[in-house]
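All remarks here apply to the structure that follows.
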Amino acid sequence: MIASRLWYIVLSLVIGFLTFQLYVASSHFDRSSQRSMREGLNGDAQVVSWYLRDDARKRSSALINFALDPDLAAALSKASSAPTKPTADVKDKVKQLLKTVDEKLPPELQFTALFAIDQYGRVVAQKGFDQALGIEDFELGGYPIVADALHGWIRDDTWVLDGRIYRVVARPVEYDTSQPPAGAIVGARIVDDGFARELTKRTNAAVAFFAAKTRVAAAAPEGFPTAMLDAITTDLDGVEEDKDYKEKGRSNTRVLRDNLAVVYSLIPGESWELGAGFAVGRQAELIGGPAGFFAAGDDNDKKAVKIPVVAGVTLLSALLGLIFSFLEHSKPLRTFQNEAARFAKGEVDQLAPSKFFSSFRKIASDINDGIDKAIAKGGGTRKAADLEQVLGPIPAQPTMSAFSFPGEGSPASGESSSIFKPELSGSFNLLSQPAASSPSGSGKPGGPPPPRNPRPGAEVSGSRPVAAPPAEQGDATVVGKVPELIEASADDTADWPQVFEDFLRVKRQNGESTDGLTFEKFQKTLRKNREALIQQHGCKRVKFTVYVKEGRAALKASPVRE
């Protein structure tokens, strides 16, 4: 599972890196947006100030239509010449003239209120501002803008009347150029939501006008949440502590929320001391996190994505992952399932660990060991599996020496008799020497073999005494006696005497000869084979059992991994 796990690690690192990049990109975008928001606010405040001054110049220019009207000038001159208040007919005439001239102005330059004032500052007639109609001796001469206009100056100012903000312009009305102005004309435009919308339309800035810490008008461009304008007025108490706001009339950038900042400005003129001013707000386009890119992106952004590249990378990554998963998970699991099915059907006695990979090999070995232990606890023994079945296909075992019968009567033609012959399958047979062709060297078939030792009762094989065979076995069988003392360097050697006895018994049952087969030779050959198997396959010890293969006695080797 190395490739799959490595692929998972690679994908995890790539995903982690991309996530890290998205967070960095979103944070960088948000900071850039906030910086642009703060920088843009100062420009917005300046633009609104320019708009107010420009609007005042345009409206003062519009007043020239009133100042140059001869009828209006004559009526104001007549009103100023009388020391008492103007008569009703003069007031009516002046009021009608104001209405006529105002209707000729463009809609964007029409005034909310117009006042015709005589040389004494008395209001001769007015259009709009109906709340002053019932006031006796209503006059505006105390306002600096009116006093300057009566002295021949053109002025603009901002008034706060009844809690409302008015933009005011004044212009002198001359009847006789050799005389002081006959009066003045004063035009006022109320600052309401309509005025704010017109300002926003021209400047594309979110603006709110306030007086006495109360918002009186507000407007915002399309896409700007109007609810955020309410947050502007909640900060009016805090802006009073801004040193620049109190001394210079404009505050520093004040961040009300992560995505909303405001700059407050006082309006110069009569309204300054009354706390009248405006605030411009700007909203920052914040991403807020990796997912914000998808929400903020429009159709054009999505069209800019190279879909074939994204699809190719995705499919290639998925394909590689599936290949690694198939090779290291699905395929080994399928092999394990097939072998387990064979095991369940009884086609095999044990699972073959050599057929599996990685952890499946260990699982198969553990299952085999577990079954062996379960059978052992039940008092039984399981038939040992063939070596190739247990360990899988293995190369030919090391060549083992063939053993010849010692003593007299060597086989004819000089052939040697092999008692231990390895098989390529992993199991091995102990093969017997063919019976002698005739007794006492007569060459007759079927006769007893010639004696191996001239002394009756025993013969020597190598350096050890060999006992005469038991009476019930006949005179044709000479078997080496198992020595009482054997080497016990490993636990598995303790079973070898019993294995030797079982091997002799099976050979006799199959009619095979056991001549010249001694335990010393048997033990030496098993030890040599065992060491080769342990070294090659890494098992801790080898268990040998006897079985019949193709009508002949053979041994099976079972690896023990405990």
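The values are calculated or read from the model by the stated rules, or taken from the named source; none is laboratory data. Since the model is a prediction, treat every value here as computed from it, not as a measurement. Note that we place each Cβ from the backbone using ideal geometry, even for glycine, and neighbour counts take in every protein chain shown.
General remarks:
- Listed by position, the strands (runs of 3 or more DSSP E) enclosed by the range 121-232 that each have at least 2 residues that are out of contact with any Cys (no Cβ under 9 Å at 6 or more places or on another chain) and aromatic (Phe, Trp, Tyr) are 206-211.
- Check on Glu285, assigned to a loop (DSSP other than H, G, I, E, B), under 23 Å from Glu39 (Cβ atoms) and in the same structural domain as His28 (by TED's automatic domain parsing): yes
- Only one of the numbered conditions (1) at pLDDT 80 or above; (2) exposed (fewer than 14 other Cβ atoms within 10 Å of the Cβ); (3) of a type in the set (Gly, Ala, Ser) is not met by Ala196, and that is (2).
- Residue within the range 115-125 that is closer than 30 Å to Tyr264 by Cα, hydrophobic (A, V, I, L, M, F, W, C) and either touching a residue at least 40 places away in the same chain (Cβ under 8 Å) or surrounded by fewer than 19 Cβ atoms within 10 Å (Cβ to Cβ) (or both) present: no
- Output for the range 142-153, where each listed residue is in contact (Cβ under 8 Å) with a residue 24 or more places away in the chain and either under 60 Å from the mean Cα position of the chain (by Cα) or surrounded by fewer than 19 Cβ atoms within 10 Å (Cβ to Cβ) (or both): Pro144, Ala147, His151, Gly152
- In a residue-by-residue description of the range 160-183, the property of being crowded, with 21+ Cβ neighbours inside 10 Å, outside the structural domain of Gln46 (by TED's automatic domain parsing) and among the acidic types (Asp, Glu) applies to no position.
- So Arg282, is it closer than 21 Å to Phe29 by Cβ and modelled with pLDDT under 80: no
- If only residues of the range 330-380 that are surrounded by 11 or more Cβ atoms within 10 Å (Cβ to Cβ) and outside any helix (DSSP H, G or I) are counted, the one that is modelled with the lowest pLDDT is Phe357.
- Listed conditions (1) of a type outside the set (A, V, I, L, M); (2) in contact (Cβ under 8 Å) with a residue 60 or more places away in the chain; (3) at positive phi are all met by Glu550, apart from (2).
- Looking only at the range 54-92, residues that are touching a residue at least 24 places away in the same chain (Cβ under 8 Å) and either over 19 Å from Asp156 (Cα atoms) or not polar (S, T, N, Q) (or both) come to 25 in all.
- Test set (1) touching a Lys or Arg at 6+ places or on another chain (Cβ under 9 Å); (2) under 25 Å from Ser49 (Cβ atoms); (3) touching a residue at least 40 places away in the same chain (Cβ under 8 Å); (4) of a type in the set (Val, Ile, Thr) - Val168 fails condition number: (3)
- Of the residues making up the range 246-276, those that are touching a helix residue (DSSP H, G or I) at 6+ places or on another chain (Cβ under 9 Å) and of a type in the set (Gly, Ala, Ser) are Ser251, Ala261, Ser265, Gly269, Gly275.
- Scanning the range 103-122 for residues that are in contact with a helix residue (DSSP H, G or I) (Cβ under 8 Å, 6 or more places away or on another chain) and of a type in the set (Asp, Glu) turns up Glu108, Asp118.
- If you go through the range 228-268 and keep only what is modelled with pLDDT of 80 or more and farther than 17 Å from Ala45 by Cα, you end up with just Lys243.
- Selected residue (only one of Glu103, Glu139, Glu108 is of a type in the set (Asp, Glu) and within 60 Å of the chain's Cα centre (by Cα)): Glu108
- A count restricted to the range 236-269 and to residues that are surrounded by 18 or more Cβ atoms within 10 Å (Cβ to Cβ) and part of a loop (DSSP other than H, G, I, E, B) stands at 4.
- Selected residue [out of contact with any Pro (no Cβ under 9 Å at 6 or more places or on another chain), farther than 29 Å from Val48 by Cα and hydrophobic (A, V, I, L, M, F, W, C)] from Phe138, Phe195, Phe224, Phe209: Phe138
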